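Colleague: First the structure, then my questions, so here it is.
The values are calculated or read from the model by the stated rules, or taken from the named source; none is laboratory data. Owing to the predicted nature of the structure, the values given are computational and were not obtained by experimental measurement. Cβ placement follows ideal geometry from the backbone for every residue including glycine, while neighbour counts extend to all protein chains displayed. Side chains are part of the model used for accessible areas, which takes the heavy atoms of the whole protein and leaves out ligands, DNA and RNA. Shrake-Rupley method; radii C 1.70, N 1.55, O 1.52, S 1.80 Å.
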Amino acid sequence: MIKLKTFPGGVHPPDRKSLSVHKQIEPAVIPNVIVCPMSQHIGAPCQPRVKEGDKVKAGQLIGQADSFVSAPVHAPISGTIKAVCLAPHPIGKPVMAVTIESDGLDAWDDAIQEDLYYSRLEPKDILNRVRNAGIVGLGGAAFPTAVKLSPPKGKRIDTVILNGVECEPYLTADHRIMLEEPEKIIAGLRLIMKVLNVDRAFIGIESNKPDAIESMSKVAKGESGIYVQGLKLKYPQGAEKQLIKAILGREVPPPPCLPLDVGVVVQNAGTCLAVYEAVRDNKPLVERVVTVTGSAINDPKNLRVRLGTSFSDLIAQCGNTNGSVGKVIMGGPMMGIAQHRLDVPVIKGTSGILVLNRKEAAKQESRACIRCGQCIRACPMNLLPNLLGIYCEKGRWEDAEKLHIFDCMECGSCSYICPASRQMVHLIKLGKQEILSIQKKREAKS
Amino acid sequence: MWPSMLTLGGVALFSALGLGIASRFLAVETDPRIKQITDILPGANCGGCGFAGCSGFADALIKGKAEPGGCSAGGIAVAQQVGNILGIKIESGPKKIARVFCRGGIRHARDKYSYTGVKDCKAAAILAGGPKACEYGCLGMGTCLRACTFGAISMGPEHIPVIDTRKCTGCGKCAAICPKNVIRLVPEAQRFLVLCNSHDKGKTVKDVCQIGCIACQICVKKCPAEAIRMEDSLAVIDSEKCTACGICQGKCPQKVIFWTDEQGMIFVSEEGKTVAKAC
C-alpha cells in the first residue's frame, strides 16, 4: 500500500457519494429548448455572434470570446435561435443568453470530425484547439483552460497534477468518468503535458475511490512519467493549493501568486477528457457530466448533459423530487451556489445538482463566537476565520484586510465545523466585496 | 526621611522643569480656528462629510479642502457659523432629508426564497440580489438603521425602515449604504413623493408587489402642472413644478403617491380618508 498524502487542516464531512456512485453515466434527454448564457466562465463575457431566426448546428460558435481571459460558447444542439436576451443564470443575476429551439435532428457542425493524426500536432496547435473549443476548468470554478496552459514567459512548469479528488460530498461525476473513460483522461493529460513541455504528472485521487485509483493506475502503468497518488479522505483535498501541498509539499504563496509560480499546473479529470475530445475530434465543450443527487431526489444519476439544459429537466429525468425539497444547490454542499428557481441552465461549471430535503437544509441560528478555535484548526489556508468573521460582522474592514481575507478560498470548512453555527464564509464574502469597493475608492482618490 | 523627601522632590522638580521647557519649545503649532470650528460642529463624528470625524472636517475646512456647507448634520446654522469664522458668506439652500422609497414590506411584497444567511442587507444582496422578489425593493434587514449615527431610523412593523424626520440630519449615510438605493435624499419641503423604487414593467411589479408603481401613466396625464414624468417605468415628481394640488395621489391606482406635512409626517389616502402614517 502506497502511503496516503494530505495537507494540514481540513474537515471530514460525510461524503454521501453512495447515492450515485454506482450509477453508470447515462446520456440525458436532449431538450427542446436550450439557454446558453454568454458568461459560463471566469473572465470577460462572450459577445453573441448569432441573431434571432438564425439556424445553427451543434458545435457551431455562438458566442465569441474577445479577451484573453475568456472562453467561447458553442451551440449544444442544432436548431433555430429564438432569442438573444437576458436570461436567468445559476450564479444569480440574469446575464445575456442565446436561446436555441431544437430542430430534433441533433445535426453536428461539419468541422467536428476525428483527426486521426492528432498525436502529431504541435503544442501551439493543441493550445489553439483547446482555446477554440471553449474549454474551462470543469471542477466548478470554470477558469479558461487555455489561459492556464499558457504560462507567462520565464515561468517554468515542471509538474502537471490531474485532480481526481472530487472532495465535495455527494458529487460523483469525476469518479464515474475515471472509471468509465480512464484512457481518454490520460490521453488528455498527455496532450496537456505536451503543451506545457512537462514530463512528470501526478494523478491525485482520494482514498474513498479505490476503484478509481485502480482503473487509473492500470492505464497509467504503461505511461512513463505519470504516477497515481492516493490521498487521505479530507475536505478540501481537491482545492488546487491543498492538492499541490499534499502531493509535492510545495506551498503556493498568497495572491497574486498562482500554482504556476511554484511550477505546477492542476487540471481536473473532466477537463482532461474535454481536452482530449477537443483535440482529437475538434469537438467544442457542449456537454459535461452532471451528478443529480441528494436525499430529495428519487433516482440519483450521473448524466451526460448538453450545456443549457434546465435544472428542472434534469431533475425530472431523475424521478423528480420526493416532496420535501429544502434547498437546490448547483455544485456540492460545501461550495455550491443555492438556487431559487429551476429554470436556470446547466453551465460549464455545473458539476452537480444537489437537492436536499427540508431537514438537511435547515440551519441553526448563528450565535456569538465561543472562542473554541476549531475553525482555526480546520482552515486549510492557515487563516483566522474566527476573527475574520467578527471583523466582517462589525464592519472592521481594514482589520479583516490585514488578516489576509483575500487568501480565503471560501471552502466552508470553518462554517461547517463551527459549534456556534457562525456563517463565517458569508461574512467573509461580504467583507471581500466591501474591501474591494474601499480599495477602488482609495485608488480613485490617489 | 529627609533623603527620600529630597530625592522625590528633586525628581518632581526636575520633571516639572523638563515638561515646562518642552511645552514651550516643542509645542505643535495649530490653527486656533480648528478648535473653534470643532466646537461648532455637532460632534457626532458621523462621517457624512466624507472626512474622519468632526475634527477631520474642521482641519479640511481650514486647508480649503471642504466646503462650509459640507456638514449636512449641522445644517445651515452650522454652515453659517463656520462661514463667519472662515470669512465666507453662506447662501442657504433647501434642507434635504432621507426618505425610504419602498413600502413593499412583508405584507405586500413577495419573497423569491427564504433567506437564512447573515442578517445584513448587503450580505443578502450577494445571494441573487437578496430574498425579495422585487429586484428594487427594500430588503428590510436594517443595515441603514445600524449606519445611522443620529438614531433617526427604526424598523417598522412590516420590516421597512421608518425615518424620524425630526432627527434626520440628511447626512446621507443610510442612502450610501443601502445596496438597493431605496433611501434617497430629497428636499424636506417636497410635499408629494412616489414611494416606490421599481423600474420593472407593470406586469412584473404586479407579480412581486401589491403596492408598486406599475407605470400606468395616469398621474402623468392627470397632473395639471405637468410636474410628473416617467423615468424608466417609474413616476418621478419634479418638486419645483409641483403645486401640491394632490390630484395625482387621488388618481394613483396603486396608492404609491404620498404627501407629507411640514413636520415631514407622511399621509396616505385610504378609502377616501387621509390617514397619517409614520414613514
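Colleague: Among the residues of the range A:59-96, write down those that are in a loop (DSSP other than H, G, I, E, B), touching an Asp or Glu at 6+ places or on another chain (Cβ under 7 Å) and not hydrophobic (A, V, I, L, M, F, W, C). It would help to see each step written out before you state the result.
Modeller: Narrowing the range A:59-96 to residues in a loop (DSSP other than H, G, I, E, B): A:59-60, A:65-72, A:75-78, A:88-94.
In the following step, the residues that additionally are touching an Asp or Glu at 6+ places or on another chain (Cβ under 7 Å) were identified as A:59-60, A:76-78, A:88.
Scanning the range A:59-96 gives A:Gly59, A:Gln60, A:Pro76, A:Ser78, A:Pro88.
Colleague: Also, quick follow-up: Looking at A:Ala146, A:Ala97, A:Ala141, which one is in contact with a Cys (Cβ under 7 Å, 6 or more places away or on another chain) and closer than 29 Å to A:Thr172 by Cβ?
Modeller: On the way: A:Ala146 fails: in contact with a Cys (Cβ under 7 Å, 6 or more places away or on another chain); A:Ala141 fails: in contact with a Cys (Cβ under 7 Å, 6 or more places away or on another chain).
Every option except A:Ala97 fails the conditions.
Colleague: Among what's in the range A:172-183 and is touching a strand residue (DSSP E or B) at 6+ places or on another chain (Cβ under 8 Å) and open to solvent by 10 Å² or more (accessible area, probe 1.4 Å), pick the residue that is farthest from A:Asn268 (Cα to Cα).
Modeller: Within the range A:172-183, the subset touching a strand residue (DSSP E or B) at 6+ places or on another chain (Cβ under 8 Å) is A:172-174, A:176-178.
Among the residues that remain, those that are also open to solvent by 10 Å² or more (accessible area, probe 1.4 Å) are: A:174, A:176.
Working: A:Asp174: 8, A:Arg176: 13 Å.
Only one residue fits best here, namely A:Arg176.
Colleague: Quick one: would you say B:Cys196 is under 30 Å from B:Asn45 (Cβ atoms) and in the same structural domain as B:Ala227 (by TED's automatic domain parsing)?
Modeller: Numbers: under 30 Å from B:Asn45 (Cβ atoms): no; in the same structural domain as B:Ala227 (by TED's automatic domain parsing): yes.
Spelling it out, it is not the case that B:Cys196 is under 30 Å from B:Asn45 (Cβ atoms) and in the same structural domain as B:Ala227 (by TED's automatic domain parsing).
Colleague: Something else: Whether any residue in the range B:83-100 is away from chain A (no Cβ under 14 Å), of a type in the set (Gly, Ala, Ser) and without any contact (Cβ under 8 Å) to a residue 12 or more places away in the chain is what I want to check. Walk me through how you get there before you give the answer.
Modeller: Filtering the range B:83-100 down to residues away from chain A (no Cβ under 14 Å) leaves B:83-100.
Restricting the remaining residues to those that are of a type in the set (Gly, Ala, Ser) gives B:83, B:87, B:92-93, B:98.
Next cut, without any contact (Cβ under 8 Å) to a residue 12 or more places away in the chain only: B:87.
Yes, the range B:83-100 has at least one match.
Colleague: Right, next: Consider A:Cys36 against the criteria (1) closer than 20 Å to A:Thr350 by Cα; (2) touching a helix residue (DSSP H, G or I) at 6+ places or on another chain (Cβ under 9 Å); (3) open to solvent by less than 70 Å² (accessible area, probe 1.4 Å): it satisfies all of them except one. Which criterion is unmet?
Modeller: Condition not satisfied by A:Cys36: (2).
Colleague: Looking only at residues that are crowded, with 20+ Cβ neighbours inside 10 Å and touching a Leu at 6+ places or on another chain (Cβ under 7 Å) in the range A:209-225, which one is nearest to A:Thr6 (Cα to Cα)?
Modeller: Checked the range A:209-225; the qualifying residue nearest to A:Thr6 (Cα to Cα) is A:Ala212.
Colleague: While we're on this one: I'd like to know if the range A:250-270 contains one or more residues that are in contact with a Phe, Trp or Tyr (Cβ under 6 Å, 6 or more places away or on another chain), open to solvent by 10 Å² or more (accessible area, probe 1.4 Å) and either among the aliphatic types (A, V, I, L, M) or not assigned by TED's automatic domain parsing to the domain that holds A:Asp125 (or both).
Modeller: So far as the range A:250-270 goes, no, none of its residues is in contact with a Phe, Trp or Tyr (Cβ under 6 Å, 6 or more places away or on another chain), open to solvent by 10 Å² or more (accessible area, probe 1.4 Å) and either among the aliphatic types (A, V, I, L, M) or not assigned by TED's automatic domain parsing to the domain that holds A:Asp125 (or both).
Colleague: Within the range B:127-146, how many residues are among the hydrophobic types (A, V, I, L, M, F, W, C), within 21 Å of B:Ile97 (Cβ to Cβ) and either open to solvent by 40 Å² or more (accessible area, probe 1.4 Å) or facing chain A (nearest Cβ under 9 Å) (or both)?
Modeller: Going residue by residue through the range B:127-146, those that are among the hydrophobic types (A, V, I, L, M, F, W, C) are B:127-128, B:133-134, B:138-139, B:141, B:144-145.
Restricting the remaining residues to those that are within 21 Å of B:Ile97 (Cβ to Cβ) gives B:138, B:144-145.
Cutting the leftovers down to either open to solvent by 40 Å² or more (accessible area, probe 1.4 Å) or facing chain A (nearest Cβ under 9 Å) (or both) gives us B:145.
Result for the range B:127-146: 1.
Colleague: Taking A:Thr309 as the residue in question, decide whether it is at pLDDT 95 or above and within 19 Å of A:Gly164 (Cα to Cα).
Modeller: Details: at pLDDT 95 or above: yes; within 19 Å of A:Gly164 (Cα to Cα): no.
Against the criterion (at pLDDT 95 or above and within 19 Å of A:Gly164 (Cα to Cα)), A:Thr309 does not qualify.
Colleague: For the range B:115-138, which positions are in a loop (DSSP other than H, G, I, E, B), among the charged types (D, E, K, R) and within 23 Å of A:Ala368 (Cα to Cα)?
Modeller: So in the range B:115-138, the residues in a loop (DSSP other than H, G, I, E, B) come out as B:115-120, B:127-131, B:133-138.
Next, from what is left, pick out any that are among the charged types (D, E, K, R): B:119-120, B:135.
If the condition is that a residue be in a loop (DSSP other than H, G, I, E, B), among the charged types (D, E, K, R) and within 23 Å of A:Ala368 (Cα to Cα), then B:Lys119, B:Asp120 are the ones that fit.
Colleague: On to the next question. Taking interchain pairs and intrachain pairs at least six residues apart, which have beta carbon atoms under 7 angstrom, with the first residue in the range A:135-164 and in the same structural domain as A:Ser224 (by TED's automatic domain parsing) and the second open to solvent by 40 Å² or more (accessible area, probe 1.4 Å) and of a type in the set (Lys, Arg)?
Modeller: A:Ala146/A:Arg131; A:Asp158/A:Arg200; A:Thr159/A:Arg200
Colleague: Might you check whether a residue that is assigned to a strand (DSSP E or B), modelled with pLDDT under 95 and away from chain A (no Cβ under 14 Å) occurs anywhere in the range B:162-179? Walk me through it before giving the result.
Modeller: Keep residues of the range B:162-179 that are assigned to a strand (DSSP E or B), which gives B:162-163.
Narrowing further to those that are modelled with pLDDT under 95: B:162-163.
Next, from what is left, pick out any that are away from chain A (no Cβ under 14 Å): B:162-163.
Checking the range B:162-179: at least one residue is assigned to a strand (DSSP E or B), modelled with pLDDT under 95 and away from chain A (no Cβ under 14 Å).
Colleague: Take A:Leu314 and decide whether it is at pLDDT 95 or above and out of contact with any strand residue (DSSP E or B) (no Cβ under 6 Å at 6 or more places or on another chain). I'd like the intermediate steps shown before the answer.
Modeller: Working: at pLDDT 95 or above: yes; out of contact with any strand residue (DSSP E or B) (no Cβ under 6 Å at 6 or more places or on another chain): no.
Judged against the criteria, A:Leu314 is not a match.
Colleague: Now for a different question. Tally the residues that are in contact with a Phe, Trp or Tyr (Cβ under 7 Å, 6 or more places away or on another chain) and at the interface with another protein chain (Cβ under 10 Å from one of its Cβ atoms), restricting the search to the range A:404-431.
Modeller: Total meeting the criteria: 1.
Colleague: Can I ask one more? Looking only at the range A:128-150, how many residues end up being assigned to a helix (DSSP H, G or I), open to solvent by 30 Å² or more (accessible area, probe 1.4 Å) and in contact with a helix residue (DSSP H, G or I) (Cβ under 7 Å, 6 or more places away or on another chain)? Break it down into steps so the answer makes sense when it comes.
Modeller: Keep residues of the range A:128-150 that are assigned to a helix (DSSP H, G or I), which gives A:128-132, A:145-148.
Checking which are open to solvent by 30 Å² or more (accessible area, probe 1.4 Å) leaves us with A:128-129, A:131-132, A:148.
Now drop any that are not in contact with a helix residue (DSSP H, G or I) (Cβ under 7 Å, 6 or more places away or on another chain), which leaves A:129, A:131.
Counting residues in the range A:128-150 that are assigned to a helix (DSSP H, G or I), open to solvent by 30 Å² or more (accessible area, probe 1.4 Å) and in contact with a helix residue (DSSP H, G or I) (Cβ under 7 Å, 6 or more places away or on another chain) gives 2.
Colleague: Could you check, for the range A:375-397, whether at least one of its residues is over 30 Å from A:Pro76 (Cα atoms), in contact with a strand residue (DSSP E or B) (Cβ under 7 Å, 6 or more places away or on another chain), in contact (Cβ under 8 Å) with a residue 40 or more places away in the chain and polar (S, T, N, Q)?
Modeller: Narrowing the range A:375-397 to residues over 30 Å from A:Pro76 (Cα atoms): A:375-397.
Narrowing further to those that are in contact with a strand residue (DSSP E or B) (Cβ under 7 Å, 6 or more places away or on another chain): A:378.
Okay, now just the ones that are also in contact (Cβ under 8 Å) with a residue 40 or more places away in the chain, so A:378.
Then keep just the ones that are polar (S, T, N, Q); that gives none.
No.
Colleague: Further, regarding this structure: Could you say which residue among B:Arg33, B:Arg99 is open to solvent by 50 Å² or more (accessible area, probe 1.4 Å) and outside any loop (DSSP other than H, G, I, E, B)? First the steps, then the outcome.
Modeller: Numbers: B:Arg99 fails: open to solvent by 50 Å² or more (accessible area, probe 1.4 Å).
Going through B:Arg33, B:Arg99 in turn, the sole match is B:Arg33.
Colleague: Taking the range A:348-403 on its own, how many of its residues are open to solvent by less than 40 Å² (accessible area, probe 1.4 Å), part of a loop (DSSP other than H, G, I, E, B) and within 14 Å of chain B (Cβ to nearest Cβ)?
Modeller: The qualifying residues number 2.
The rows are residues; the columns are (1) open to solvent by 50 Å² or more (accessible area, probe 1.4 Å); (2) outside any loop (DSSP other than H, G, I, E, B); (3) in the same structural domain as B:Gln254 (by TED's automatic domain parsing).
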site: B:Asp59; (1), (2), (3): yes, yes, no
site: B:Ala66; (1), (2), (3): no, no, no
site: B:Val78; (1), (2), (3): no, yes, no
site: B:Val82; (1), (2), (3): no, yes, no
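The rows are residues; the columns are (1) among the hydroxyl-bearing types (Ser, Thr, Tyr); (2) within 12 Å of the chain's Cα centre (by Cα).
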| position | (1), (2) |
| --- | --- |
| B:Arg99 | no, yes |
| B:Arg110 | no, no |
| B:Gly137 | no, no |
| B:Ser154 | yes, no |
| B:Glu158 | no, no |
| B:Gln190 | no, no |
| B:Leu193 | no, no |
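Colleague: With the structure loaded, tell me whether A:Val290 is assigned to a strand (DSSP E or B) and surrounded by 24 or more Cβ atoms within 10 Å (Cβ to Cβ) or whether it fails that test.
Modeller: yes
Colleague: Please identify the pairs in which a residue from the range B:112-126 that is more than 9 Å from every other protein chain (Cβ to nearest Cβ) and over 18 Å from B:Ile183 (Cβ atoms) has its Cβ atom under 8 Å from the Cβ atom of a residue that is of a type in the set (Phe, Trp, Tyr) and surrounded by fewer than 21 Cβ atoms within 10 Å (Cβ to Cβ), counting only partners at least 6 apart or on another chain.
Modeller: If the second residue must be of a type in the set (Phe, Trp, Tyr) and surrounded by fewer than 21 Cβ atoms within 10 Å (Cβ to Cβ), no pairs are left.
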